[in-house]
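Undergrad: The following block contains the structure, expressed as structure tokens.
The values are calculated or read from the model by the stated rules, or taken from the named source; none is laboratory data. Only a predicted model underlies this, so the values are computations on that prediction, with no experimental measurement involved. Here the Cβ positions follow ideal geometry from the backbone for every residue, glycine too, while neighbour counts run over all protein chains shown. We work out accessible area using only protein heavy atoms, side chains counted, and drop any ligands, DNA or RNA first. Shrake-Rupley method; radii C 1.70, N 1.55, O 1.52, S 1.80 Å.
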Amino acid sequence: PRRGKVRDIYDLGDQILLVATDRLSAYDHILRPAIPGKGKILTQLTNFWMERLSGLVPNHLLATEVADFPASLQPHAAALDGRAVLVRKAAVLPFECVARGFLAGSAFHAYRAAGTACGIALPPGLERASRLAEPIFTPATKAESGHDENVDFATLEAGVGSPTADRLRDLTLALYRAGAAHAESVGLLLADTKFEFGTIDGEIVLIDEALTPDSSRYWEAGAWRPGAEPASFDKQFVRNWLDASGWDHESTPPELAPEVVAGTRDRYVEAFRRLTGREPRL
């Protein structure tokens, strides 16, 4: 298998088995201990979103239930249940497709420095966490190691060609708007999110994960005020704890305290519960 930071990938010939582990990464380090059930929560949330968004874009999913997996995988059913999906092979497009409806994270830092985000001019006077008049598309390169780098639209065009770049932008913004509208209906703001796309037989399809707390910044709508970023339902809780611990971001990270593990898990479960209206299968 090929091991990513948080996923194990098994090549089955014409199909791929994606297994979401409970590993948690922050600042490009794998943290310990793992977050119990995290892989199941994120897999099931991605499946919810891919089904919900399938009218906007096809996806790579073939099977989400272990009972529908090949016979060769059935001996591993207990380990795979709820945390693995069978997907079609796609030629991965080498860019992260990011949509932002609020000014946060790296986009806020870029705006504060230059008044722009990934080459997009933004109006003066915006604060941290300001809602943008229209969502913006800010692609990034996919880094195998280290941080993804924000790039401008011209760089995306040079990489994949103009027609594909236009389609990726339009798809990303359409998916963001659909996700944000649903999130807002359950009291969450989708500040920003990233999608990954690939092509299968020349058609662009949604791959990887979709609208999870690992790939998105969800805020409690009631806590949102421009000027400060509200607590998000993602790894920010862990990052804040790591920052306060005095860790240098280079050496081996400190072991996560039990209350940090529990608090992180609670945030993932709460996001799942709110967005899907049901309990995750843990």
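Undergrad: Inspect the stretch 61-75 for any residue being closer than 17 Å to D8 by Cα, surrounded by 15 or more Cβ atoms within 10 Å (Cβ to Cβ) and β-branched (V, I, T) and give the result as yes or no.
TA: Checking the stretch 61-75: at least one residue is closer than 17 Å to D8 by Cα, surrounded by 15 or more Cβ atoms within 10 Å (Cβ to Cβ) and β-branched (V, I, T).
Undergrad: Can you go through R100, R88, R83 and tell me which one is out of contact with any Asp or Glu (no Cβ under 7 Å at 6 or more places or on another chain), crowded, with 21+ Cβ neighbours inside 10 Å and in contact (Cβ under 8 Å) with a residue 24 or more places away in the chain?
TA: R83
Undergrad: Within the set of pairs 6+ apart or on separate chains, which have a first residue in the stretch 29-40 that is without any contact (Cβ under 8 Å) to a residue 24 or more places away in the chain and under 16 Å from Y268 (Cα atoms), a second that is of a type outside the set (A, V, I, L, M, F, W, C) and open to solvent by less than 50 Å² (accessible area, probe 1.4 Å), and C-beta atoms under 8 Å apart?
TA: What qualifies is A34/T21; A34/D22; A34/R23.
Undergrad: At pLDDT 95 or above and surrounded by 16 or more Cβ atoms within 10 Å (Cβ to Cβ): which single residue out of R32, R52 fits that description?
TA: R52 is the lone residue from the list that is at pLDDT 95 or above and surrounded by 16 or more Cβ atoms within 10 Å (Cβ to Cβ).
Undergrad: Please state which of the following conditions V205 fails to meet, knowing it meets all the rest: (1) surrounded by 15 or more Cβ atoms within 10 Å (Cβ to Cβ); (2) within 22 Å of S106 (Cα to Cα).
TA: So V205 meets the others, but not (2).
Undergrad: Sticking with this structure for a sec: Give me the strands (runs of 3 or more DSSP E) completely within the stretch 168-225, filtered to those with at least 2 residues that are touching a residue at least 40 places away in the same chain (Cβ under 8 Å) and within 18 Å of S54 (Cα to Cα), ordered by residue number.
TA: 188-200, 203-207
Undergrad: While we're here: Within the group A154, A181, which residue is over 16 Å from the mean Cα position of the chain (by Cα), hydrophobic (A, V, I, L, M, F, W, C), farther than 20 Å from G101 by Cα and open to solvent by 50 Å² or more (accessible area, probe 1.4 Å)?
TA: Going through A154, A181 in turn, just one is over 16 Å from the mean Cα position of the chain (by Cα), hydrophobic (A, V, I, L, M, F, W, C), farther than 20 Å from G101 by Cα and open to solvent by 50 Å² or more (accessible area, probe 1.4 Å): A154.
Undergrad: Here is a follow-up. Which residues, taken from the stretch 41-64, are free of Cβ contacts under 8 Å to residues at least 24 places away in the same chain and either over 14 Å from L86 (Cβ atoms) or in contact with a Pro (Cβ under 8 Å, 6 or more places away or on another chain) (or both)?
TA: E51, S54, G55
Undergrad: F272 is checked against (1) open to solvent by 60 Å² or more (accessible area, probe 1.4 Å); (2) touching a helix residue (DSSP H, G or I) at 6+ places or on another chain (Cβ under 7 Å) and fails just one. What number does that condition carry?
TA: It fails just one condition, (1).
Undergrad: Could you tell me whether the stretch 261-268 includes any residue that is in a loop (DSSP other than H, G, I, E, B) and among the polar types (S, T, N, Q)?
TA: no
Undergrad: If you take the residues of the stretch 237-248 that are in contact with a strand residue (DSSP E or B) (Cβ under 7 Å, 6 or more places away or on another chain) and open to solvent by less than 50 Å² (accessible area, probe 1.4 Å), which of them is nearest to L211 (Cα to Cα)?
TA: V238
Undergrad: Let me ask you something else. Please tell me if D234 is in contact with a helix residue (DSSP H, G or I) (Cβ under 9 Å, 6 or more places away or on another chain), among the acidic types (D, E), closer than 26 Å to R100 by Cβ and open to solvent by less than 20 Å² (accessible area, probe 1.4 Å).
TA: Considered against the rule, which asks whether it is in contact with a helix residue (DSSP H, G or I) (Cβ under 9 Å, 6 or more places away or on another chain), among the acidic types (D, E), closer than 26 Å to R100 by Cβ and open to solvent by less than 20 Å² (accessible area, probe 1.4 Å), D234 comes out as yes.
Undergrad: Would you tally the residues in the stretch 11-23 being surrounded by 15 or more Cβ atoms within 10 Å (Cβ to Cβ) and either at pLDDT below 95 or of a type outside the set (A, V, I, L, M) (or both)?
TA: Number satisfying all stated conditions: 4.
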